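Data block below; observations after.
Each value in this text was obtained by applying a stated rule to the coordinates, not by laboratory testing. Keep in mind that this is a model prediction, so the values were computed, not measured. Every residue, glycine among them, receives a Cβ derived from its backbone with ideal geometry; neighbour counts consider all protein chains shown.
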Amino acid sequence: MSDVSLEAARRRTFAIISHPDAGKTTLTEKLLLFGGAIQMAGSVKSRKTSRSATSDWMALEKERGISVTSSVMQFPYSDRIVNLLDTPGHADFGEDTYRVLTAVDSALMVIDVAKGVEERTIKLMDVCRLRDTPIMTFINKLDREGRNPIDLLDEVESVLGIQCAPVTWPIGMGQRLKGVVHLVSGEVHLYEPGRNFTRQDSTIFASIDDPKLEERIGAPMLAELRDELELVQGASHPFDLARYLAGQQTPVFFGSAVNNFGVQLLLDFFVEHAPAPRPRATTSREVAPSEPQLTGFVFKIQANMDPQHRDRVAFMRICSGKFSAGMKAFQSRTGKELKLANALTFMASDREIVETAWPGDVIGIHNHGTISIGDSFSEGEVLHFTGIPNFAPELFRRARLRDPLKLKQLQKGLAQLSEEGATQFFRPLMSNDLILGAVGTLQFDVVAYRLKDEYGVDASFEPVQVATARWIRCDDARKLEEFREKNAMNLGIDAAGQLVYLAPTRVNLQLAQERASGVEFLATREHA
Ligand code: G4P
């Protein structure tokens, strides 16, 4: 097997999806501990704090208790390399999260044992379903009283429409929590707060028939467990690898992230069964991870990670081949060859310069605005990966400057921040307005804050008569010109220079569509 095939086969690239407060951050921290990426629990939170010291606008993130940025964490575990892509936590950032989920091979869903399936989990699950992303489930906070486990599985099955295959099963819950049974190996892992960090640290019995188990948990509890297991085995499905990989079945684990209980059982199963990078579609052909030539696509841009240097980092997911520092690759959008120098990896909490990277890995490429979300990079031939869309925003505001002399700065700031993808920036053909579109209202606050903090521009956002936007496509140049003339009042240009119809009302949009035959009005723009 080639180096590329071997390295690709040991990669596990995934994201955690959950409703805020279910325990994503805590679980991330524990997973990193197993990878030896951080020394002490709590580092993820303290890392958040030290990052916000670097970039002040993150103070907003802390104030609101949300995670605006997402990052990438890589750690080795049991001969595998795990890449964990963080998804932004707030509901406003659906589009951002969507794009992160296009860059992973599988997902881990965290559910609070007391709350069950929550609204945001449902939305994220819908996104995963678009690509049949395989999903494992961790039911968290077992150290607290929660819902009946069988009812929870029923809820996952009926609300999320995915079959459950419990892999571990809880013995009690809350005050009565005694441990979990591994339904595949038969092992019983006792819950011992303050321990349980590793297998070596835990009391493990080979099966529920071990006489010592009864001594530890008592005969009544053991009898109860036996009854319950019988019920579970009768009512649920055994783990089926093919169904899991097809996104039709989710293996379920129970545990307590904060106590690091049940986490290693999850991680062991995850590195064994979660998919390695799989082939990806481009506009011309499918690309297999084992191909020797480097390919990848950009799913996220982060501007001004370090305001001192005004740098911008494009996050590229590698789909095939080997990346070596300084190599050249074609950028699909421009067709030009670009040198990929100064790539970063996000091992542990520091950014480090990487020398090599493989399929499934994510690298951060420094640039000054030359790279956009959706750009593909490829060695040897120009390839465009598909499926990384920009959605039409649903909310619009006009930027208003307090100091008119700062117009240039404002334009630059809006254009650069919109490159990150959470907001979109439009300039009407017939006015000097600067219009910002977003999927959630919070975005306008974030942008106003960052404009002030990073560009020294005091701007506010006021309502504007735009209900929705559609990208215009028409292959017939004459028709397009005619359309432009007739509709100039409602047309604008987006940050990438594409023509957009800014509809004052939905009715207006409908009429305009009816009148313009041969012109397409698109609700998403695939990054070309
Ligand atoms: P999130 O990233 O999904 O939003 O959740 P996060 O990990 O921040 O966890 C949310 C809260 O739930 C935190 O409490 C965290 O300590 C707690 N938590 C996580 N896992 C468990 C668990 O297994 N059992 C129990 N009982 N609690 C858990 P907090 O009070 O909001 O924050 P903190 O002050 O404890 O850090």
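Considering only DSSP beta bridges whose two residues both sit in the chain, what percent are antiparallel, to the nearest 5? If we restrict to bridges inside the chain, about 75 percent are antiparallel. Rounded to the nearest 10 degrees, the inclination of helix 24-34 to the longest alpha-carbon principal axis of the chain is 60 degrees.
Taking other C-beta atoms within 10 angstrom as a stand-in for reagent exposure, Met173, Met489, Met316 fall in the order Met489, Met173, Met316, fewest first. Using a Förster distance of 45 angstrom, determine the FRET efficiency expected from the C-beta separation of Ile493 and Glu272, and round it to 0.05. E(calc), rounded to 0.05, equals 0.35.
When the listed pairs Lys412/Lys452; Lys24/Lys141; Lys178/Lys212; Lys408/Lys486 are checked against a 23 Å cut-off, the alpha-carbon distance exceeds it for Lys408/Lys486. The distance separating the Cα centre of the range 377-396 from that of the range 232-290 comes to 27 Å.
Which FRET efficiency value, to the nearest 0.05, do you get for Gln248 and Ala523 by plugging their Cβ-Cβ distance into 1/(1 + (r/R0)^6) with R0 = 30 Å? The pair Gln248/Ala523 has a calculated efficiency of 0.55.
Full extension of the chain between Thr198 and Asp445 gives 84.6 nm of extra length, using 0.36 nm per residue less the Cα-Cα distance. Which net charge results when you count Lys and Arg as +1 and Asp and Glu as -1 among the other residues whose beta-carbon is under 14 Å from that of Glu118? Spelling it out: positives minus negatives among the neighbours equals +1. Inter-label distance, Glu286 to Ser78: 2.9 nm, where each label sits 7 Å from its Cα along the C-beta direction. I'd like the orientation of helix 477-487 relative to the chain: the angle between its Cα long axis and the longest Cα principal axis, in ° from 0 to 90, rounded to 10. Result, in degrees: 90.
Gain on full extension, evaluated as 0.36 nm per residue between Asn432 and Lys328 minus their Cα-Cα distance, stands at 33.5 nm. Can you bin the range 101-242 into rounded, prolate or oblate? Criterion: square roots of the alpha carbon gyration tensor eigenvalues sorted a ≥ b ≥ c, rounded for a/c under 1.5, prolate for a/b above b/c, oblate for the rest. It is prolate, given that a/c is not under 1.5 and a/b is the larger ratio.
Annotation: the residues Arg280, Arg484, sorted from fewest to most other C-beta atoms within 10 Å of their own C-beta, follow the order Arg484, Arg280.
Extension gain for Lys452-Asp21 works out to 152.1 nm (0.36 nm per residue, less the C-alpha to C-alpha distance). Once the Cβ-Cβ distance between His237 and Thr356 is put in as r, and R0 is 56 Å, what FRET efficiency do you end up with, to the nearest 0.05? For R0 = 56 Å, the calculated efficiency reads 0.85.
Computed from Cα positions, the angle between helix 149-160 and the longest principal axis of the chain comes to roughly 20 degrees. Only DSSP H runs of four or more residues enter the estimate; each adds -39500 (n - 2.57), and after division by the residues of the chain the mean residue ellipticity at 222 nm equals -9000 deg cm²/dmol.
Taking other residues whose beta carbon is less than 12 angstrom from the beta carbon of Asn508, and scoring Lys, Arg as +1 and Asp, Glu as -1, yields +2. Note on Thr13, Thr356: ascending count of other Cβ atoms within 10 Å places them as Thr356, Thr13, the fewest first.
In loop segments of the range 366-436 as defined by DSSP, the GluC sites (Glu not before Pro) with at most 16 further C-beta atoms inside 10 Å of their C-beta are Glu381, Glu394. Where in the range 372-405 is the amide nitrogen less than 18 Å from a point lying 7 Å along the Cα-to-Cβ axis of Ser460? Correct set: 396-405. For the chain, the normalised intensity computed at q = 0.06, 0.08, 0.12 Å⁻¹ comes to -0.32, -0.56, -1.15 (log10 of I(q)/I(0), Debye sum over alpha carbons, equal scatterers, no solvent).
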